[in-house]
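Read the structure below first, then the notes.
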Amino acid sequence: MSPLQTDIWTLNMGPQHPSTHGVIRFVLKTDGEIIADADPDVGFLHRGLEKIAELVPYPSFMPYTDRLDYLAAINMNWAWALSIERLAGIEVPPRAEHLRVITAELNRIASHLISVGALASDMGAFTPFVHALRDRERINDLFEELCGARLTFNYCRIGGVSLDAPPGWFDRVRGFLDYYEPMIDVFNRLITDNKIFVERLRRVAPVSAEMAIAYGLVGPNLRGSGVKFDLRKDEPYGIYPQLEFEVPVGRGYRDGVLGSCFDRYMVRIEELRQSIRIIRQCLDRIPEGEIQAKVPKVLRPAKGEVYCRTEAPRGEVGFYVISNGEKTPARVKIRTGSWSAMSIIRELSKGWMIADLVAIIGSLDVIAPEVDR
Amino acid sequence: MNYFRNIWEAISSIAQGMAVTLRQFFTKPETVQYPEVDVLNPRMPGYSGHLKPVSERFRGFLTVDTTVCISCNQCAHVCPVDCILVESEKGPKTTVNSLRPDGKESPKTRYPVQFDIHLGRCMYCGLCTEVCPTGCIHFTREFRGAAGEYHKLIHHFISPEEAERVRKLAAEEAAKPKPEKPVATKVEAEKE
Ligand code: SF4
Ligand code: SF4
């Protein structure tokens, strides 16, 4: 009797699949449940942001950076503002720097909440997602009071921030932190300790440190593999050098494999605590003063180029800007964390089950607007 | 033995999670049934969660006070998506008080005869409100604006009668003997 024959099937996953986090499509070649190949097909959310950047003046590109990663708009705003400040040699007043750190870290919490919540919901546990969204909603309320928007904040400006905090805002941020800090433990009780959840993640798709570096993984995905690299520490910008915080790294949590999906998840959970710590320090020491440096109305940076990278929730975001001395940039290249995370999925998913692919995508925290720009 | 321990761990950790969920039954609801409940009304019946009516600085639809607007066109130039169109005529010289808190006076010689904002394109970024020297273009807290047809999203802030009145005024002004002043010209708001 001849051995049982199995055919390689082609299966489309996405672009409307709920766990591909936006419009991303994978063409899977599967042998039964086992993935033989996962070919990512990107470009469904391509908006040509790099081209748009060449057409609008420097300050007017700010709202577009919101759309670069709509879950962490302030971090993107900041990256763009910082690039142009470096290019034009603009000094930012200290109060604005503090406000930027506070808002960026709040945004990091909001973004990680979506990430961990979405991973749980991809694993079949929908309740944690709702819990995460509930807490994120409170952050959105804070942002709405600060700058009037709940998603596309457009808060940073070249040389500062757009608005000062309204009266009592810092107290409300503090109130939120007091409320939220114990909520992390509640969230852990709810899902992180869950045996089924842990078992589904802790040995799945480990990324070794060498592999992570070779594929250019950044941010929590890189740190999940045990590489202690955080731009806030290693290439500091803003006022991060004056703040105390730790860089959590993966270490094979719950007897798992180093760099597994669960490590990446845990790094995000630990970063929530560090962000809270950073915000508390900023709230304690925020100085009075200006929030906006003197910037010419029509900004024409001198000829030159700059590459500036910052640590966003999904890893490093970098803007490479070339100026011709005109009021619009000559060329802008954007590098984002999700793009490199996307490139590793094909290699990583070989030999795992289809259900594990969902875990891989979720734990790498890939979102479509960052991949496609 | 491990087998039973695993089962026990799975059951106990699920029970722990369920306890968290269970506690939610005794807390106040976090959400409202939106269209039924008017979220702009501060006294929302039957609701005590964290949701507040939209905040002071909320970036809703744009509106413009055309009596104050000095037609300087800065808003149209800064807008990244070209959704503002200002056309103006030159009229008699007056001064207007800024709507900003400082209330500074600005001279006004240009009167808008057309001021359109395309809310279907606007991304509510607020750049226009920041550059406006008189603060006359500003956000409202209104966010409900579904329209059946696309062109209804273009808000015209100047009625035809008002435009007619300003044109007449401008014509009278131009007719006045003023040797050094050139006649009124039209300013196109559309950027290339
Ligand atoms: S809010 Fe932004 S997009 Fe809307 S009109 Fe003003 S500048 Fe243009
Ligand atoms: S910037 Fe203000 S004053 Fe100038 S045209 Fe626009 S609305 Fe009018």
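Would you check if B:Leu85 is open to solvent by 60 Å² or more (accessible area, probe 1.4 Å), within 11 Å of ligand 2 (Cβ to nearest atom) and away from chain A (no Cβ under 14 Å)? Walk me through how you get there before you give the answer.
On the way: open to solvent by 60 Å² or more (accessible area, probe 1.4 Å): no; within 11 Å of ligand 2 (Cβ to nearest atom): yes; away from chain A (no Cβ under 14 Å): yes.
When the stated conditions are applied, B:Leu85 does not pass them.
Of these, A:Val101, A:Val130, which one is in a helix (DSSP H, G or I) and open to solvent by less than 10 Å² (accessible area, probe 1.4 Å)? Answer to the selection: A:Val101.
When region B:88-117 is filtered for residues that are within 11 Å of ligand 2 (Cβ to nearest atom) and within 20 Å of the chain's Cα centre (by Cα), the ones remaining, listed by number, are B:Ser98, B:Leu99, B:Arg100, B:Pro112, B:Phe115, B:Ile117.
Residues that are modelled with pLDDT of 75 or more and farther than 15 Å from B:Cys132 by Cβ within region B:86-104 comprise B:Glu87, B:Glu89, B:Lys90, B:Pro92, B:Lys93, B:Thr94, B:Thr95, listed in sequence order. Could you tell me whether A:Ser363 is open to solvent by 20 Å² or more (accessible area, probe 1.4 Å), of a type in the set (Ser, Thr, Tyr) and not in a strand (DSSP E or B)? When the stated conditions are applied, A:Ser363 does not pass them. Here region B:136-159 is the region considered, the condition is being within 16 Å of ligand 2 (Cβ to nearest atom) and touching a residue at least 60 places away in the same chain (Cβ under 8 Å), and the residue that is nearest to the other protein chains (Cβ to nearest Cβ) is B:Phe139. For A:Lys29, the criteria (1) more than 14 Å from chain B (Cβ to nearest Cβ); (2) under 27 Å from A:Ala104 (Cβ atoms) hold in every case but one, which is (2). Scanning region A:161-197 for residues that are more than 8 Å from every other protein chain (Cβ to nearest Cβ), more than 23 Å from A:Arg134 (Cβ to Cβ) and not acidic (Asp, Glu) returns A:Val161, A:Ala165, A:Pro167.
Residue by residue through region B:112-139, note down the ones that are away from ligand 1 (no atom under 11 Å from the Cβ) and open to solvent by less than 40 Å² (accessible area, probe 1.4 Å). Break it down stepwise before answering.
Going through region B:112-139, the residues away from ligand 1 (no atom under 11 Å from the Cβ) turn out to be B:112-115, B:133-136.
Matches in region B:112-139: B:Pro112, B:Val113, B:Phe115, B:Thr134, B:Gly135, B:Cys136.
Only helices (runs of 4 or more DSSP H) whose full extent lies in region A:142-229 are considered here, and the ones with at least 1 residues that are closer than 28 Å to B:Glu142 by Cα and open to solvent by less than 10 Å² (accessible area, probe 1.4 Å) are A:169-187. Of everything in region A:48-72 that is open to solvent by less than 10 Å² (accessible area, probe 1.4 Å) and more than 13 Å from chain B (Cβ to nearest Cβ), the residue that is farthest from B:Pro80 (Cα to Cα) is A:Ala72.
When the residues of region B:2-18 are filtered to those that are hydrophobic (A, V, I, L, M, F, W, C) and more than 7 Å from chain A (Cβ to nearest Cβ), which remaining residue is surrounded by the fewest Cβ atoms within 10 Å (Cβ to Cβ)? Of everything passing the filter in region B:2-18, B:Phe4 is surrounded by the fewest Cβ atoms within 10 Å (Cβ to Cβ).
Residues of region B:118-134 that are within 14 Å of chain A (Cβ to nearest Cβ), more than 11 Å from the chain's Cα centre (by Cα) and more than 12 Å from ligand 2 (Cβ to nearest atom): B:Arg121 alone. Scanning region A:296-323 for residues that are modelled with pLDDT under 85, open to solvent by 30 Å² or more (accessible area, probe 1.4 Å) and closer than 20 Å to A:Ala104 by Cβ yields nothing.
Identify, please: which residue in region B:150-186 is part of a loop (DSSP other than H, G, I, E, B) and within 27 Å of B:Gly120 (Cβ to Cβ) and is, among those, modelled with the highest pLDDT? Write out each step before concluding.
Just the residues of region B:150-186 that are part of a loop (DSSP other than H, G, I, E, B), to begin with: B:157-159, B:176-186.
Then drop every residue that is not within 27 Å of B:Gly120 (Cβ to Cβ), which leaves B:157-159, B:186.
Details: B:Phe157: 83, B:Ile158: 80, B:Ser159: 80, B:Lys186: 48.
Within region B:150-186, the match that is modelled with the highest pLDDT is B:Phe157.
Summed over region A:257-293, the residues that are open to solvent by 30 Å² or more (accessible area, probe 1.4 Å), within 19 Å of A:Asp178 (Cβ to Cβ) and hydrophobic (A, V, I, L, M, F, W, C) give a count of 1.
Return the residue satisfying two criteria in turn: it lies in region A:101-160 and is among the β-branched types (Val, Ile, Thr) and at the interface with chain B (Cβ under 8 Å from one of its Cβ atoms), and of such residues it is farthest from A:Ile278 (Cα to Cα).
Filtering region A:101-160 down to residues among the β-branched types (Val, Ile, Thr) leaves A:101-103, A:109, A:114, A:116, A:127, A:130, A:139, A:152, A:158.
Filter once more, keeping what is at the interface with chain B (Cβ under 8 Å from one of its Cβ atoms): A:127, A:152.
Working: A:Thr127: 28, A:Thr152: 23 Å.
Within region A:101-160, the match that is farthest from A:Ile278 (Cα to Cα) is A:Thr127.
The values are calculated or read from the model by the stated rules, or taken from the named source; none is laboratory data. Worth saying up front: this structure is predicted, and the values here are computed from it rather than measured. Note that each Cβ is placed from the backbone with ideal geometry, even for glycine, and that neighbours are counted across all protein chains shown. With ligands, DNA and RNA removed, areas are computed over all heavy atoms of the protein, side chains included. Shrake-Rupley method; radii C 1.70, N 1.55, O 1.52, S 1.80 Å.
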